[in-house]
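Read the figures in this text as sums done on the coordinates, not as results from a lab. Computed from a predicted structure; not experimentally measured. Backbone-built Cβ (ideal geometry, glycine too); neighbour counts: all protein chains shown.
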Amino acid sequence: MSFRGQLTPATPPPKPEAQEAPRPPTVFFITPTYARSTQQPDLVRVSQSLMLTKASVHWILMEDSATKGEWVGELLERSGLQFTHLAVESTKGSACRGINQRNLALDWVEENAADSDVVYFGDDDNSYDYRLFEQMNKVTGISLHPTGGFPKLGVSTPVVMNGTVVALEDFWPGGRRFPFDMASLSMNIGWWKKRGAMRFKCVGSRMETIFLESLGVELSDIQPLANGATQILVWHTKTLDRKCQLSTLASEVEKYPASNLQALYHQMICSKSDDNS
């Protein structure tokens, strides 16, 4: 018996929807800065380290000022980086430089960043290896890594044995329970929120250790970054301040009117103590 007719092809099962790969954590890099003659070269150096990294970095640049500087904004725009530019003045007479700036940045992070993201604190005059930021997607809690460029020891670092932090070494222990440098500290935002989303407090020269204590941190909680704290990927450096004087350059501008000195004059930044003009 034969059957002649048109067979209806079976309907193929629907393809499962492709699931999007999870977004890699963004590193929110909090950097206080203030006007001085070395500010421009320092920020240029930091920005270009950030431009080299493959990590997702969002630079939160905090000016110690009542208003945001125009040239600082131009530098951020020119960098092509993700950034947030904020300004707040330091409390007069405070011994803790940068504390108002860091706390305002943490306010912004708490409202805008995802729990899976990471916060890293760094000064504007440090030197950063771009590879440091590429390791920060591993931070799940609180993390410390070595920072070089110090007197005596030469480094501020966690001491790691069998993968566990057993001590902290710093050139200035100062009776601190957690002696470390701010440039060594990064933390997962979700972890920080679960621990109370604490802010920095100015208690003499104990700002860092008080911060970790307020979060209920134990040595065993600290995750050693930079390949188990075996690499130095950030250094404390200091750009030489030549004590520029705008009044001296201003006299040369008058001497050569309509010259390139006029443009250079408007790009110069000198510390208030350098020039009383």
Overall Cα dimensions of the chain, principal axis frame, Å, largest first: 111, 57, 31
Packing rank of 249-257, 22-30, where each peptide gets the mean count of other beta carbons within 10 Å, highest leading: 22-30, 249-257
All aspartates and glutamates inside 18 Å of residue 92 as judged from Cα atoms, apart from same-chain residues fewer than 8 positions distant: 63, 64
CD proxy at 222 nm, helix term only [per DSSP H run n ≥ 4: -39500 (n - 2.57); per residue of the chain; nearest 500]: -8000 deg cm²/dmol
More than 21 angstrom apart: percent of Cα pairs within the stretch 74-225: 47 percent
Separation between Cα centres of the stretch 145-203 and the stretch 97-143, rounded to whole Å: 14 Å
DSSP-defined antiparallel bridges as percent of all bridges, the chain, nearest 5: 40 percent
